[in-house]
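The values are calculated or read from the model by the stated rules, or taken from the named source; none is laboratory data. Remember, it's a predicted structure, so these values are computed and weren't measured experimentally. Note: ideal-geometry Cβ built from the backbone for every residue, glycine included; neighbour counts use all protein chains shown. To get the accessible areas, we keep the full protein, side chains included, count just its heavy atoms, and leave off ligands, DNA and RNA. Shrake-Rupley method; radii C 1.70, N 1.55, O 1.52, S 1.80 Å.
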Amino acid sequence: HGWDAISDAEWAHPNNYARRVVALCKRYPNVYCEVGHLAELLGEAGRQRFLDNLARAKIMPGEYEFLHKLAYGTDWHMHTMINSTRRFLEGFLSMFDSPLLAPYADHFFWKNGYTYLKLPE
């Protein structure tokens, strides 16, 4: 489950943490999500599943646009990232060239993180 869900049924599963995070982000103004180290994204099939699940997230009901809440993160397992940080960045850059995500590239790579950091105390 999670961002690696392969079907609508897996995405809709009550224990799918990614879908639950999306629901929270779409419901509350100050809830954000970051993604950084998702090993599945290093392969083409994993990137496609991630894109499919972002499309599912985009159409979920809620007051806030999820793609204005999703940020490129740094929550990585350092020992597994030593030789793959550039590959993750390149994977995200290629995904954000897609028609679904291109309008949100600036949001993902910096605007959403900036918005989160400047939230009032």
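When the residues of region 4-34 are filtered to those that are among the hydrophobic types (A, V, I, L, M, F, W, C) and in contact with a strand residue (DSSP E or B) (Cβ under 7 Å, 6 or more places away or on another chain), which remaining residue is least open to solvent (accessible area, probe 1.4 Å)? Spell out how you get there, then give the answer.
Filtering region 4-34 down to residues among the hydrophobic types (A, V, I, L, M, F, W, C) leaves 5-6, 9, 11-12, 18, 21-25, 31, 33.
Going one step further and asking which of them are in contact with a strand residue (DSSP E or B) (Cβ under 7 Å, 6 or more places away or on another chain), we end up with 21, 25, 33.
Values: Val21: 45, Cys25: 0, Cys33: 16 Å².
Ranking the candidates gives Cys25 first.
Given His37, His68, which one is open to solvent by 30 Å² or more (accessible area, probe 1.4 Å), under 13 Å from the mean Cα position of the chain (by Cα), modelled with pLDDT of 85 or more and closer than 17 Å to Phe108 by Cβ? Spell out how you get there, then give the answer.
Values: His37 fails: modelled with pLDDT of 85 or more.
Unique residue meeting the criteria: His68.
Out of (1) without any contact (Cβ under 8 Å) to a residue 40 or more places away in the chain; (2) in a helix (DSSP H, G or I), what's the single condition that is false for Tyr64?
It is condition (2) that Tyr64 fails.
When you go through (1) open to solvent by less than 80 Å² (accessible area, probe 1.4 Å); (2) under 23 Å from Trp11 (Cα atoms); (3) within 14 Å of the chain's Cα centre (by Cα); (4) at pLDDT below 95 one by one for Gln48, which number turns out not to apply?
That leaves (1) as the condition not met.
Could you list, in sequence order, all residues of region 81-116 that are of a type outside the set (Phe, Trp, Tyr), outside any helix (DSSP H, G or I) and under 15 Å from Phe50 (Cα atoms)? Working first, answer last.
First, pick out the residues of region 81-116 that are of a type outside the set (Phe, Trp, Tyr): 81-87, 89-91, 93-95, 97-103, 105-107, 111-113, 115.
Applying the additional criterion that residues be outside any helix (DSSP H, G or I) yields 82-84, 97-101.
Residues satisfying the conditions are Asp97, Ser98, Pro99, Leu100, Leu101.
Scan region 1-22 residue by residue and report those that are aliphatic (A, V, I, L, M) and either over 13 Å from the mean Cα position of the chain (by Cα) or not in a helix (DSSP H, G or I) (or both). Talk me through it step by step, then tell me what you get.
So in region 1-22, the residues aliphatic (A, V, I, L, M) come out as 5-6, 9, 12, 18, 21-22.
Across region 1-22, the qualifying residues are Ala5, Ile6, Ala9, Ala12.
Quick check on Pro29: is it assigned to a loop (DSSP other than H, G, I, E, B) and more than 25 Å from Tyr116 (Cβ to Cβ)? Break it down into steps so the answer makes sense when it comes.
Working: assigned to a loop (DSSP other than H, G, I, E, B): yes; more than 25 Å from Tyr116 (Cβ to Cβ): no.
Considered against the rule, which asks whether it is assigned to a loop (DSSP other than H, G, I, E, B) and more than 25 Å from Tyr116 (Cβ to Cβ), Pro29 comes out as no.
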